Amino acid sequence: MNGLVLEGGAMRGMFTAGVIDVMMEAGIRYDGAIGVSAGAAFGCNYKSGQIGRVIRYNTAFCRDRRYCGLRSLLLTGSLYSPQFCYHTVPNEYDIFDGEAYEKDPMAFYVVTTDLQSGEPVYRRCDKAGDEFFEWIRASSSLPLVSRPVVIDGRPMLDGGMSDSVPIRYFEQIGYDKNVVILTRPQGYRKEPTGHKRLLRHALRKYPRAYAAMERRHEVYNETLDYIAAREAAGAALVIRPREALAVGSMERDPDKLRAVYEAGRAMGKERLADVKQFLEG
């Protein structure tokens, strides 16, 4: 089966949004897709078929204090408003097409981190609606700037804490040919987690989650090595930016968001023939 694996990276995910919009326009189809953090929040639009939605709502609301900012952090404990971002916008302002999402045959998986175990949770989401949006929120909720999201009694945060690029999981469940979209350029290596004292305090109730954060850079870099080996073996095709993306994690400048999105579109067009050949081969 053919799979699409989407790394997170906060607003670096606008690069991913540009790439997947180009693939959707070209009619590229996958048996399944899996997203982490921004990869989940933006990648779900592939299954609903909503080309352009990611860049549209992010540029429309990035400066809206209801969407993101210190006010939300003080009032809700989360930098990105849990209600406005993950329920009001998709249900009222830039409506997520849940009917199309549910009808589309592509399987879609969201990755979160269970704070009690420190292990990744891989959730197949076949139904749209508010519970689905909560899974997206959990996957996208970064430590230090988000409160845990509790689903089915389990407190969860950002999937990138435990599995930033879940290619191994996708291979384990049968996706043997994967297109992987990364948001860092060739040669990038993750450094040890900073702000350890703050993280230790924020995760004081969840020592296993903190331990996962301490080893995150090692796991991430080893995963990059594994992806390179899979690409050399012809089992993966990697799409990544040519250079570091000039965008902040919590970017509020719509022009910068558009520039990163356009960089993704340009790379998507550049690699489109490669993707088609890879999937058809």
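The values are calculated or read from the model by the stated rules, or taken from the named source; none is laboratory data. As the structure is a prediction and not an experimental result, all values here were calculated from the model. Neighbour counts run over all protein chains shown; Cβ positions are idealised from the backbone, glycine included. Areas reflect the complete protein model, heavy atoms only, side chains present, ligands, DNA and RNA absent. Shrake-Rupley method; radii C 1.70, N 1.55, O 1.52, S 1.80 Å.
For this structure, a couple of remarks:
- Top-ranked residue in segment 245-268 [being over 16 Å from ILE181 (Cβ atoms), hydrophobic (A, V, I, L, M, F, W, C) and modelled with pLDDT of 95 or more; ranked as surrounded by the most Cβ atoms within 10 Å (Cβ to Cβ)]: LEU257
- Considering ASP158, ASP176, ASP152, the condition of being acidic (Asp, Glu) and under 18 Å from the mean Cα position of the chain (by Cα) is satisfied by ASP158 alone.
- PHE278, sole failed condition from (1) open to solvent by less than 70 Å² (accessible area, probe 1.4 Å); (2) more than 14 Å from GLY18 (Cβ to Cβ); (3) within 20 Å of the chain's Cα centre (by Cα): (3)
- Qualifying residue in segment 90-102 (condition: of a type outside the set (A, V, I, L, M), under 28 Å from ALA212 (Cα atoms) and open to solvent by less than 20 Å² (accessible area, probe 1.4 Å)): no
- Filter pass, VAL165 being open to solvent by less than 10 Å² (accessible area, probe 1.4 Å), in contact with a Leu (Cβ under 8 Å, 6 or more places away or on another chain), at pLDDT 95 or above and assigned to a loop (DSSP other than H, G, I, E, B): yes
- Residue check for LEU157: touching a strand residue (DSSP E or B) at 6+ places or on another chain (Cβ under 6 Å) and open to solvent by 40 Å² or more (accessible area, probe 1.4 Å): no
- Count of residues meeting criterion [assigned to a helix (DSSP H, G or I), touching a residue at least 40 places away in the same chain (Cβ under 8 Å) and open to solvent by less than 60 Å² (accessible area, probe 1.4 Å)] in segment 220-244: 5
- Residues that are within 21 Å of ARG12 (Cβ to Cβ), open to solvent by less than 50 Å² (accessible area, probe 1.4 Å) and not β-branched (Val, Ile, Thr) within segment 48-63 comprise GLN50, GLY52, ARG53, TYR57, ASN58, PHE61, CYS62, listed in sequence order.
- Checked against (1) buried (at least 21 other Cβ atoms within 10 Å of the Cβ); (2) modelled with pLDDT under 95; (3) more than 17 Å from the chain's Cα centre (by Cα), LEU73 passes all but a single condition, namely (1).
- Test: residue in segment 219-226 that is closer than 30 Å to LEU70 by Cβ, under 18 Å from the mean Cα position of the chain (by Cα) and not aromatic (Phe, Trp, Tyr): no
- Any hit, segment 177-187, residues being out of contact with any helix residue (DSSP H, G or I) (no Cβ under 7 Å at 6 or more places or on another chain), open to solvent by less than 10 Å² (accessible area, probe 1.4 Å) and within 26 Å of VAL260 (Cβ to Cβ): yes
- Qualifying residue in segment 139-156 (condition: touching a residue at least 24 places away in the same chain (Cβ under 8 Å) and among the acidic types (Asp, Glu)): no
- Test for PHE133: is it of a type in the set (Phe, Trp, Tyr), buried (at least 22 other Cβ atoms within 10 Å of the Cβ), under 20 Å from GLU222 (Cα atoms) and at pLDDT 95 or above: no
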